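Enquirer: Can you read through this structure? Questions will come right after.
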Amino acid sequence: MSQLANICLSCGACCANFRVSFHWAETTLATPDGVPQELTETISSHHNCMKGTNQKKPHCIALQGEVGQQVYCTIYNQRSSTCRDFDIVDEQGQINPQCTKARAAYQLLPVVFIQESSIETSIYT
Ligand code: SF4
Ligand code: SF4
């Protein structure tokens, strides 16, 4: 697991800030090892979302722990493509603005990259 992934274990803000929707066929109704259907709700003819995320203050039903402290996903190996695709970094290798937005909602500072060369510079100057 990368250091960035470790940050997520003490965060979880993105699992408690957005509606997490995906094609219904990702649920166990069509995919035996998919997202447990009973943990989802139907939001359209083609899409379901994680229960708990389709509300004003979203909080995925599968998220355990305390946001900003220690969290884990109870269906990690069965999570949807939406969850799998969400990452700290975006396609350009920069910090994902949606990650920053989710963290800000919980008064958590944005994740930042610290270059090793910057650390060395600060030691010797
Ligand atoms: S908001 Fe960012 S740091 Fe927090 S769990 Fe999601 S991806 Fe990880
Ligand atoms: S299913 Fe897991 S990874 Fe996806 S939003 Fe819920 S807690 Fe987060």
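Readers should treat all values here as calculations from the given coordinates under stated rules, not as data from a laboratory. The structure displayed is predicted, hence computed values, not measured ones. Note that each Cβ is placed from the backbone with ideal geometry, even for glycine, and that neighbours are counted across all protein chains shown.
Enquirer: 5 Å is the cut-off here: which amide hydrogens, built 1.01 Å from N in the peptide plane, fall below it relative to Gly12, excluding neighbours closer than 5 in sequence?
Expert: Excluding prolines and chain starts, which carry no amide H, the hits are Gly68.
Enquirer: Pick from Ile75, Ile114, Ile88: which is most flexible by mean-square fluctuation in a GNM of the chain where alpha carbon atoms under 10 Å apart are linked?
Expert: Result for the chain, Cα springs under 10 Å: Ile114 fluctuates most.
Enquirer: To continue, here is another question. Skipping prolines and chain starts, which residues have an amide H placed within reach, meaning under 5 Å, of the one on Val89, given they are 5 or more residues away or on another chain?
Expert: When sequence neighbours closer than 5 places are left aside, the close amide H contacts are Asn96.
Enquirer: Taking the Cα atoms of the chain, what is the range of coordinates along each of the three principal axes, in descending order and whole Å?
Expert: Largest to smallest, the principal-axis extents are 60, 26, 22 Å.
Enquirer: Can you check what the net charge comes to around Ala105, using other residues whose Cβ is under 13 Å from the Cβ of Ala105 (Lys, Arg +1; Asp, Glu -1)?
Expert: Summing Lys and Arg as +1 and Asp and Glu as -1 gives +4.
Enquirer: Do any chymotrypsin sites (Phe, Trp or Tyr not before Pro) in region 19-123 lie in a DSSP loop with no more than 15 other beta carbon atoms within 10 Å, and if so, which?
Expert: Listed in order of number, the matching sites are Tyr106, Phe113.
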